[in-house]
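Student: Let me give you the structure first, and then I'll get to my questions.
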Amino acid sequence: MAKIFIADNEPEINRSLKSFFGHLGYDTEAAKEIKNADSIVKEARLFNPDMALLDVRINKVLNLEVIKQIKNANKAIKIIVMSSYMGDSEKDTIHEILTHGADNYLAKPIDLNELMNIVKESLV
């Protein structure tokens with residue numbers, strides 16, 4: 001089964017998504033350290049996932065560097081970015097994220113059925 005790496009600022013989201021996808025049969029790992037881009041990229045590279053579910057901002061810093069580094073390490077990886085920031089000012093951010101290697105964007109609060117469908121479609 002596919003491997004999914006999860007990195008969100010909110011520990012509860014990490015735990016919930018890890019458990020949810022684990023129960024669906026995916027091999028899941030949630031980032032243990034959400035300090036900075038380097039710590040997240042290091043954990044993702046060690047796990048070598050097929051997909052990464054990433055918070056758009058880690059400690060209020062836009063996650064573009066994480067997306068670029070993970071994608072550079074594994075061109076085939078699928079990246080879904082999640083965010084609670086969905087105002088008009090975020091449209092440019094969404095475009096920037098998608099042009100830097102993210103495959104999809106999902107607004108929080110997460111609809112698990114929608115996320116599950118995106119994951120399944122992306123990993124075909």
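Student: When only residues in region 1-33 that are assigned to a loop (DSSP other than H, G, I, E, B) and closer than 15 Å to V81 by Cβ count, which is farthest from the chain's Cα centre (by Cα)?
Tutor: Here the answer is E10.
Student: If we keep just the residues of region 2-52 that are basic (K, R) and within 22 Å of I118 (Cα to Cα), which is surrounded by the fewest Cβ atoms within 10 Å (Cβ to Cβ)?
Tutor: Top of the filtered list is R15.
Student: Moving on to the next point. Within region 101-124, can you find the residues that are over 26 Å from K68 (Cβ atoms) and either assigned to a helix (DSSP H, G or I) or touching a residue at least 40 places away in the same chain (Cβ under 8 Å) (or both)?
Tutor: L112, N113, M116, N117
Student: Now a separate question. Of all residues being surrounded by 13 or more Cβ atoms within 10 Å (Cβ to Cβ) and not polar (S, T, N, Q) in region 113-124, which is nearest to A76 (Cα to Cα)? Just the residue, please.
Tutor: If we take residues in region 113-124 being surrounded by 13 or more Cβ atoms within 10 Å (Cβ to Cβ) and not polar (S, T, N, Q), then L123 is nearest to A76 (Cα to Cα).
Bear in mind these aren't lab numbers, they're just calculated from the coordinates by the rules spelled out. Quantities reported herein were computed from a predicted structural model and do not represent experimental measurements. Glycine gets a Cβ as well: all are built from the backbone with ideal geometry, and neighbour counts include every protein chain shown.
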